[in-house]
Amino acid sequence: MNVPLLDLKAQYARIQPEIMTAIEEVCAQQSFILGSYVEQFEQTLAQFIGTKHAIGVASGSDALLLSLMELDLQPGDEVITAPFTFFATTGVISRLHARPVFVDVCADTFNLNPKHVAQAITPRTKAILPVHLFGQCAEMEAIKVVADAKGIPVIEDACQAIGASRNGIQAGAFGRTGCFSFFPSKNLGAFGDGGLISTNDSKVAERLKLLRVHGSRSEYHHHLIGMNSRLDALQAAILQVKFQHLADWTIKRQKNADSYRQLFHEHGLDDQVTLPVVEPWNIHVYNQFTIQTPKRDALSAYLTEKGIGNRIYYPVPLHLQECYETLGYHKGDFPVAEHAAQEVLSLPIYPELTQDQLAYIVQTIKQFFD
Ligand SMILES: *Cc1c(COP(=O)(O)O)cnc(C)c1O
């Protein structure tokens, strides 16, 4: 049996006619930049996330970049964030010649540990940037207590967490802005790149809308120095169709996670692997189902040999990346992140996964440990 890590063809096969109709509508209009499809999708997403505004942009990376540009981040400013995440989270900080200031993550959820945040704050701290990793919200209440006490804005990296919530509040509705990605492998994926920023602040929304069109308020009059970063109308139309299925897909991901838990337990694997830990007040949307084991590298190779897709998110923590040597961090600075990088392994969790495939994956893991 072959089980890919993600099966977008299986998803597309189920929704092809709806998608094609949407694409043809946009083509008939020949209106590709912003316009009604983007506006409709923005409204849909704002309502879903529970924020007043949503602004479609070109990617999740740009959602983060524009959020920091909106803060008028200056060279030498500092942004506190986690070292265990995708590079985009900090790449955007560096692109603005600001400095990522890392604090370690929690051992169970891999999310920013709020206990370390206060001591990392300096007069140059301009934002705190928690990531809702793998589809579970970071400890936003504790992070916001520290941030609010110092008047520091919080930018959420919700790129993996569309639909996740914590104490009834959705990812993207906690911070000054929430940043989403529609990269094809995310829970709501476009047919290419796409992103979105959520915010409750009308002034912030207004500035972001200017920043995505080179800061232009009226044609050829530039109020701010922005960039070109828009969600394509074609992508918005596709995403509008796919959004109608998101709730169903999320439930299927959660059911697959439940099946994994049951199967791992039935096979007596509780002592061999650590399964994802979900805080009781969090709704996890499982963009990834990430287990932990000291035998990670051998297990990964074994699964690959048996035709089971798997991936290490992320093998090198950001403070140890070659391009960040100049930041002056060393091995041992963030032991929890470094330990996670050695032990994590993500397994297939996509909605179309069958019970047979799930059983095969867990049986194969059992064989490995035997
Ligand atoms: C995917 C992702 C991004 C960037 O999204 P793109 O749309 O690929 O630019 C940022 N942060 C995290 C945590 C992500 O997973």
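The values are calculated or read from the model by the stated rules, or taken from the named source; none is laboratory data. All figures in this text were calculated on a predicted structure; none of them were measured in a lab. Cβ atoms come from the backbone with ideal geometry, glycine included; neighbour counts cover every protein chain shown. Just so you know, the surface numbers come from the protein's heavy atoms only, side chains and all, with ligands and any DNA or RNA stripped out. Shrake-Rupley method; radii C 1.70, N 1.55, O 1.52, S 1.80 Å.
Kindly provide the set of residues from the range 218-271 that are assigned by TED's automatic domain parsing to the domain that holds ILE197, over 25 Å from PHE182 (Cα atoms) and surrounded by 12 or more Cβ atoms within 10 Å (Cβ to Cβ), ordered by number.
If the condition is that a residue be assigned by TED's automatic domain parsing to the domain that holds ILE197, over 25 Å from PHE182 (Cα atoms) and surrounded by 12 or more Cβ atoms within 10 Å (Cβ to Cβ), then HIS222, HIS223, LEU224 are the ones that fit.
Among the residues of the range 356-363, are any surrounded by fewer than 15 Cβ atoms within 10 Å (Cβ to Cβ) and either within 26 Å of the chain's Cα centre (by Cα) or hydroxyl-bearing (Ser, Thr, Tyr) (or both)?
Checked against the condition, which is being surrounded by fewer than 15 Cβ atoms within 10 Å (Cβ to Cβ) and either within 26 Å of the chain's Cα centre (by Cα) or hydroxyl-bearing (Ser, Thr, Tyr) (or both), the range 356-363 yields no hits at all.
Here are some residues: CYS179, CYS159. Which one is modelled with pLDDT of 95 or more, open to solvent by 10 Å² or more (accessible area, probe 1.4 Å) and either within 13 Å of the ligand (Cβ to nearest atom) or assigned by TED's automatic domain parsing to the domain that holds THR290 (or both)?
Exactly one residue qualifies, and that residue is CYS159.
Residue-by-condition table, conditions (1) within 14 Å of the ligand (Cβ to nearest atom); (2) closer than 29 Å to ALA247 by Cα; (3) open to solvent by 40 Å² or more (accessible area, probe 1.4 Å):
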position	(1), (2), (3)
ALA13	no, yes, yes
MET20	no, yes, yes
GLU24	no, yes, yes
LEU64	yes, yes, no
ILE93	yes, no, no
VAL103	no, no, no
PHE110	yes, yes, no
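Which one of the conditions (1) in contact (Cβ under 8 Å) with a residue 24 or more places away in the chain; (2) assigned to a loop (DSSP other than H, G, I, E, B) does PRO280 fail to meet, given that it meets all the rest?
Of the numbered conditions (1) in contact (Cβ under 8 Å) with a residue 24 or more places away in the chain; (2) assigned to a loop (DSSP other than H, G, I, E, B), the odd one out for PRO280 is (1).
Against the definition (open to solvent by less than 10 Å² (accessible area, probe 1.4 Å), under 21 Å from ARG95 (Cβ atoms) and in contact with a Phe, Trp or Tyr (Cβ under 9 Å, 6 or more places away or on another chain)), how does GLY194 come out, yes or no?
Working: open to solvent by less than 10 Å² (accessible area, probe 1.4 Å): yes; under 21 Å from ARG95 (Cβ atoms): yes; in contact with a Phe, Trp or Tyr (Cβ under 9 Å, 6 or more places away or on another chain): yes.
When the stated conditions are applied, GLY194 passes them.
Table: residues versus (1) in the same structural domain as ASN287 (by TED's automatic domain parsing); (2) among the small types (Gly, Ala, Ser); (3) free of Cβ contacts under 8 Å to residues at least 40 places away in the same chain.
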| position | (1), (2), (3) |
| --- | --- |
| GLU305 | yes, no, yes |
| GLY309 | yes, yes, no |
| LEU318 | yes, no, no |
| GLY328 | yes, yes, yes |
| PRO335 | yes, no, no |
| GLU343 | yes, no, no |
| ILE349 | yes, no, no |
| ASP356 | yes, no, no |
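Could you please find all residues in the range 66-91 being more than 19 Å from GLY175 (Cα to Cα), surrounded by fewer than 24 Cβ atoms within 10 Å (Cβ to Cβ) and touching a residue at least 60 places away in the same chain (Cβ under 8 Å)?
PHE86, PHE87
For the subset of the range 121-145 comprising residues that are aliphatic (A, V, I, L, M) and open to solvent by less than 20 Å² (accessible area, probe 1.4 Å), which member is nearest to the ligand (Cβ to nearest atom)?
Among those that are aliphatic (A, V, I, L, M) and open to solvent by less than 20 Å² (accessible area, probe 1.4 Å), it is VAL131.
For the range 300-315, name all the residues that are surrounded by 15 or more Cβ atoms within 10 Å (Cβ to Cβ) and part of a loop (DSSP other than H, G, I, E, B).
Those that are surrounded by 15 or more Cβ atoms within 10 Å (Cβ to Cβ) and part of a loop (DSSP other than H, G, I, E, B): LYS306, GLY309, ASN310, ILE312, TYR313, TYR314.
Give me a count of the residues in the range 146-156 that are open to solvent by 20 Å² or more (accessible area, probe 1.4 Å) and touching a strand residue (DSSP E or B) at 6+ places or on another chain (Cβ under 9 Å). Spell out how you get there, then give the answer.
Going residue by residue through the range 146-156, those that are open to solvent by 20 Å² or more (accessible area, probe 1.4 Å) are 146, 148-151, 153.
With touching a strand residue (DSSP E or B) at 6+ places or on another chain (Cβ under 9 Å) added as a condition, the list becomes 146, 148, 150, 153.
Residues that pass the stated criteria total 4.
Output the strands (runs of 3 or more DSSP E) that fall wholly within the range 149-266 and possess 3 or more residues being under 19 Å from the mean Cα position of the chain (by Cα) and free of Cβ contacts under 8 Å to residues at least 12 places away in the same chain, or say none.
Because the criterion is at least 3 residues that are under 19 Å from the mean Cα position of the chain (by Cα) and free of Cβ contacts under 8 Å to residues at least 12 places away in the same chain, no strands (runs of 3 or more DSSP E) in the range 149-266 meet it.
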